[in-house]
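Notes follow once the structure below has been shown.
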Amino acid sequence: MSPRQALATLWEQGLSGKELLRRHSSLMDEFIAQRLLESIGEPPSGISIVALGGYGRKELFPFSDIDILLLYEAENPVLIEKVTDAVFYPLWDAGLEVGHGVRTVDACMEDIQKDFFFQVALLDARLICGDQDLFTKLLKKFQASFDRGTRKNFVQDMMAHRLERHRRFGDHTYLLEPNIKETRGGLRDLQAMFWTGKVLFGLGTPEDFREAGLLNQKEYRELSDASNDLVIIRNRLHYASGRKNDRLFFEYQEEIARKLRLYDSRESLGVERFMKKVHTDLQCIASASDLFFEHVEDVISSMGIKIKSRPLAPGIELLNKKILLGDEGLLLQKPYLLFKAFAIAASKRTPLHYRSRKLISSLVERLPERLRNSKRCARYFLETLEASDSPMALLQMLDTGLLGFYLPEFEHLKALALHDVYHVNTVDRHLVETVVRLNQLRDKYPGIFQGIDDRQVLFLAAFLHDIGKGLGGRHAEKGAKLIPAIARRMALDDKQAETLEFLVANHLFLIDNATRRDLEDESLILKFARHIRSIDRLNMLYVITIADSLATGPNVWTEWKQALLLEVYHKIAHLLEQHELIDPDRIAAVEWMREKISALLGKERKDELDILPEDYLLSFTPEAVVSHLELRKELSGQKVLIRPEDRRNYWSILLMTTDRTGLLAKICGVFALYNLAVLRAQIFTLKDGTVVDVLDVRSDIDMSFREVDWQHLESDLKKALRNKLSLSHRLASKFSRFSAQPHKVSLARKPRVVIDNEQSDFFTIIEIYAQDSPCLLYSVTRTLAEFDINIYKAKIGTSGDQVVDVFYVLDSLGERLEESEFTQEVKNALLYSAKSCLVQ
Amino acid sequence: MKKIEAIIKPFKLDDVKEGLNEIGITGMTISEVKGHGRQKGHKEIYRGAEYVVDFIPKIKIELIVNADMVEQVVDKIRNSANTGKIGDGKIFVLPVEDVIRVRTGEHGKDAI
């Protein structure tokens, strides 16, 4: 049976984990010995077949290379060729990847000088068959090759290769598709520990480490569990991929999760629980190997020299650029020192010494719960967040378990990976990264940071924004529910707690609405503004949104998203600055109107409420609004409705029609024709295009209300709207008759026109200040119509003989007037029309 | 076979997708694109900091359909993406010579 077939049988027997590796190695040993026996009989003396590397350790993974050294004593080319043929050909024929070398003992000793990997492979050398004495000779010479100098070199090479490997395969343990062997925290890290232990201390197994006190019982157990898990997973991965693949690609994750009986539940996906296990294991090995290599560094750098420490604060000192804490007794007596140490670590960008980290890990379970309510600890923790422009301090806090102790709500996020292609980090790491990114944004958006009153709440919100992940359902809402308890423990005041809860609940508000809603809808933006309530909170949401995106992955924060976010931010900010819009009285008034109108309309006509703009609602009584809605039904096509009313001092005319360019000009023209002077006007366009105008007028020639022929006026207006009446001609001939009468030109102030795009993000606002005259309104509105400019809202007012006209306009494409050349042209034309009225 | 490319406003994506789902089309390619055209970008000044955005964010939808479906698909996209304002976008219809499914090697209609 070939080794491949044998392996398949093992799999079928349900063998996995380290047992499978051992059996696989033994099978391979037997296969090689058998082939040798078949072709040349018992191996002659002076020749040894040696297994190296993983095969040497009896850890032969399904598709791993078979590393074999053929060791010989004397030159005997014929014999050696026979042996190599007998050993290697069958392996090649079986389709296995074979690493092979044919060397004498001396050649081996030469090669270890030149080839670090060969040197490492020899550490695991094991005799498969052949000359035992020759093999023993090799081992003795190999051991003798290490002296103080070569040991140090070996360890330094090992550490350099470790760093290089992390750089190439991922230097953190939270990768979406980790390489089980090579990533930081992978099996290679574990081996590197034991190789180094073997060379430096003569300790080559986890058991040796435990007995020598390099690992305590808890660490030993966790490390063994982690490595067993990864071995099982790597076996499965080779099996699933059908080749030597160590990267846990997305496509294999679900399959392996199922094989390990991790199924989907209501709260979480099986694959998410599986990856959580993988990341936890990788992190466990990474922490252990970090601690170990820091210890090794200490040992080799302090060979002979004693380094002095420098005190930083009582109980906290600096040793060899690391923060070292006092002993266990002191820390249990003053546990706040743990938090203080991390605050210092963050602000000085200095990591904690590995001995202190080990100490904290062992202490965490014995810390008193009341620490979570300590104001002092809260203060240090908030300082840590605000000072973290690198993830180091927070990650160490996470790694030692202190963070999970302090915020029990955080515990379930540890190593939790969301099964999507979007997040490159697990949730815990993502939250740390968000805080780091937020700190880095300070320089980029100084103005916005200045506009934020409470940075502590900001940073806490950034850190807690995804605290509701993994709880099933909508994570922002779930997370917000956890906030009051956290805020109470951290002794935040009511306002802080409320803001924190708001920020966590709404951390997706801006980006969701920016990408999914129509940002040109003013009433929608107003809704957003009222939801957010203050510039302060808007600023916080804005920078949290950016930090969150940046921390999610390299391709999440794009210029494209930024453009939309910027737009929604500015529009909301702008509305928030117009305080009257967010005035609670105004909001209450609008609400009151809606309720009243809705009661008058009845349920089935509730939809009609949606077409009413706020300004309009605030200008009429509920009854008036309802009567407008009734009249609206009578409108169709070119129709126009006029409802004049005598108010003694003036007449109020309600006019309804459908919107079109030049409408106001026609209305004003017809009114001028009937000697009606417009005192005030309120012009509204409902969202369905219905125009509701209320014009307060008086007669220029002292006619009484009853003397005016309203019917005739209405029919002339209809004619004008159908373009059957030349208003300019009629008006010119009418007013030329009065031209003898001197107008008050002498007192006239120069007219003024302001075109403004700053006040509103949705309209250009044109203000015209001019001396009153009968056809002024007609003249300026006609000019606007000439430019195809549409008037959506207008306020006309007179004080004395001065007229102030304010128009909210957009061009024919629905855009604001932004080209300076064009606005200048409009301005000149309006000035001319205002002036030309006066001399008529 | 035809390729239909539509450039639409971002907030209309859900409507368009829904509309296409109604007529049985679920597979499409969606990308975030930057429009430079008649509609101008904007410059914002806030608290002393100036931001210039010189493009308009748009969504591009690409899909391949049989020639007899083109009219229906185009209508659907038009109706769902229409706001009546400037910047509602454009729809392009292009001829397609062949479609091959990478995994199976199927050609033409079967590969859509």
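Each reported figure results from applying straightforward, stated rules to the coordinates on display, with no laboratory input. None of the values given here were measured: they were computed from a predicted structure. For neighbour counting, all protein chains shown are included, and Cβ atoms are generated from backbone atoms with ideal geometry for every residue, glycine included.
Anisotropy class assigned to the stretch A:307-362 is rounded, per the alpha carbon gyration tensor with a/c under the 1.5 cut-off. Over chain A, dividing the summed -39,500 (n - 2.57) contributions of all DSSP H runs of at least 4 residues by the number of residues returns a 222 nm mean residue ellipticity of -17500 deg cm²/dmol. The mean number of Cβ atoms from other chains found within 10 Å of a Cβ in peptide B:5-17 is 2, as a whole number.
Where both residues lie in the stretch A:3-145, what percent of DSSP beta bridges are antiparallel, nearest 5?
Working: 9 of 15 bridges.
Roughly 60 percent of the beta bridges in the stretch A:3-145 run antiparallel, per DSSP.
Farthest toward the positive end of the dipole of the stretch A:532-663, out of A:Ile582, A:Ala599, A:Ser549, is the Cα of A:Ala599, where the dipole comes from beta carbon charges about the Cα centre.
Indicate, rounded to the nearest 5 percent, the antiparallel portion of the DSSP beta bridges found entirely in the stretch A:656-740.
Details: 12 of 12 bridges.
Counting DSSP beta bridges with both partners in the stretch A:656-740, the antiparallel share is about 100 percent.
Beta carbons within 10 angstrom, averaged per residue: use that to sort the peptides A:310-319, A:183-192, A:651-660, highest first.
Details: A:310-319: 14.4, A:183-192: 24.7, A:651-660: 18.3.
My ranking of the peptides, most packed first, is A:183-192, A:651-660, A:310-319.
Averaged over its residues, how many other protein chain Cβ atoms are within 10 Å of peptide A:512-520's Cβ atoms? Let's see the in-between values first.
Details: counts 0, 1, 3, 7, 5, 2, 6, 3, 6.
That works out to 4 on average.
Against chain B, whose longest principal axis comes from its Cα atoms, helix B:13-22 is set at around 20 degrees. Positive-end ranking of A:Met158, A:Ala74, A:Ser390 along the dipole of chain A, with charges on Cβ about the Cα centre, is headed by A:Ser390. In straight-distance terms, cross-link reach from A:Lys218 covers every one of the aspartates and glutamates whose alpha-carbon lies under 17 Å from its own, apart from those fewer than eight places away in the same chain; here that gives A:Glu207, A:Asp208, A:Asp229, A:Asp281, A:Asp290, A:Glu365, A:Asp399.
Counting only DSSP beta bridges whose two residues both lie in chain A, roughly 90 percent are antiparallel.
Taking the Cα centre as origin and putting +1 on Lys and Arg beta-carbons and -1 on Asp and Glu beta-carbons, what dipole magnitude results for the stretch A:150-301, to the nearest 20 debye? Walk me through the numbers before you get to the answer.
Numbers: 25 positive and 25 negative charges, 101 e Å.
Using only the charged Cβ atoms, the result is roughly 480 debye.
Peptide A:437-450 has a mean of 1 when you count, residue by residue, the C-beta atoms of other protein chains within 10 Å of its C-beta.
Averaged over residues, the count of other Cβ atoms within 10 Å places the peptides A:485-491, A:817-823 in the sequence A:485-491, A:817-823, highest first. Once the dipole of the stretch A:307-406 is set up with Lys and Arg at +1 and Asp and Glu at -1 on Cβ about the Cα centre, which of A:Ser347, A:Ile316, A:Leu337 lies farthest towards its positive end? Toward the positive end, the furthest listed residue is A:Ile316. Annotated for the stretch A:3-145: lysine pairs at least 8 residues apart or interchain, Cα distance under 25 Å, count 8.
Going down the table (A:Lys719/A:Lys795; A:Lys571/B:Lys9; A:Lys527/B:Lys60; A:Lys481/A:Lys527; A:Lys527/A:Lys561; A:Lys244/A:Lys276), which pairs top 27 Å between alpha carbons? Intermediate results must be reported in sequence, preceding the final value.
Working: A:Lys719/A:Lys795 25 Å; A:Lys571/B:Lys9 18 Å; A:Lys527/B:Lys60 29 Å; A:Lys481/A:Lys527 24 Å; A:Lys527/A:Lys561 21 Å; A:Lys244/A:Lys276 24 Å.
Going by Cα-Cα distance, A:Lys527/B:Lys60 fall outside the 27 Å limit.
Restricting the calculation to alpha carbons of the stretch A:307-406 gives Rg and Dmax of 12.2, 38 angstrom. The HN-Hα couplings worked out from phi for the stretch A:648-654 by the Karplus form 6.51 cos²θ - 1.76 cosθ + 1.60 (θ = phi - 60°) are 6, 6, 8, 10, 9, 10, 8 Hz, whole numbers, x standing for Gly and Pro. Cα-based values for chain B, radius of gyration first and Dmax second, are 17.1, 59 Å.
Would you mind calculating the relative contact order of chain A from Cα pairs under 8 angstrom and at least 6 residues apart, reporting the percent as a whole number?
Rounded, it is 6 percent for chain A.
Arranged by the count of other C-beta atoms within 10 angstrom, fewest first, what order do A:Leu139, A:Leu686 take?
Working: A:Leu139 14, A:Leu686 20.
Ordered from fewest to most neighbouring Cβ atoms within 10 Å, A:Leu139, A:Leu686 come out as A:Leu139, A:Leu686.
Here, the protein assembly as shown yields an orientationally averaged convex hull projection of 54.0 nm² when only Cα atoms define the hull. Spatial offset of the stretch A:218-263 relative to the stretch A:169-195 amounts to 13 Å, using the alpha carbon center of each. Separation of the stretch A:1-69 and the stretch A:95-130, taken as the distance between their Cα centroids, equals 17 angstrom.
Here the dipole of chain A is about 1480 debye; that uses its Cα centre as origin and unit charges on the Cβ of Lys and Arg (positive) and Asp and Glu (negative).
Quick one: grab the alpha carbon gyration tensor of the stretch A:259-318, order the square roots of its eigenvalues as a ≥ b ≥ c, and give me rounded if a/c is under 1.5, else prolate or oblate depending on whether a/b is larger than b/c. Please list the in-between numbers first.
On the way: a/c = 9.46, a/b = 2.59, b/c = 3.65.
Cα axes put the stretch A:259-318 in the oblate bin.
Taking θ as phi - 60° and the Karplus parameters 6.51, -1.76 and 1.60, the scalar couplings of the stretch B:67-76 work out to 4, 6, 8, 3, 4, 4, 5, 4, 4, 4 Hz in sequence order, x denoting glycine and proline.
When peptides A:595-601, A:368-374 are sorted by average Cβ neighbour count within 10 Å, with the highest value leading, the order is A:595-601, A:368-374. In terms of its C-alpha gyration tensor, the stretch A:427-582 comes out rounded, because the ratio a/c of the largest to the smallest axis stays below 1.5.
Assuming charge only on the beta carbon of Lys and Arg (+1) and of Asp and Glu (-1), the dipole of the stretch A:427-582 about its Cα centre is about 500 debye to the nearest 20. Charged neighbours of A:Met109, selected by a Cβ distance under 13 Å, balance to +1 (K, R count +1; D, E count -1). If the reach is capped at under 23 angstrom between alpha carbons, list the lysines near A:Lys322, excluding any in the same chain fewer than eight residues apart. By straight Cα distance, A:Lys322 reaches A:Lys152, A:Lys306, A:Lys308, A:Lys334, A:Lys340, A:Lys348, A:Lys358.
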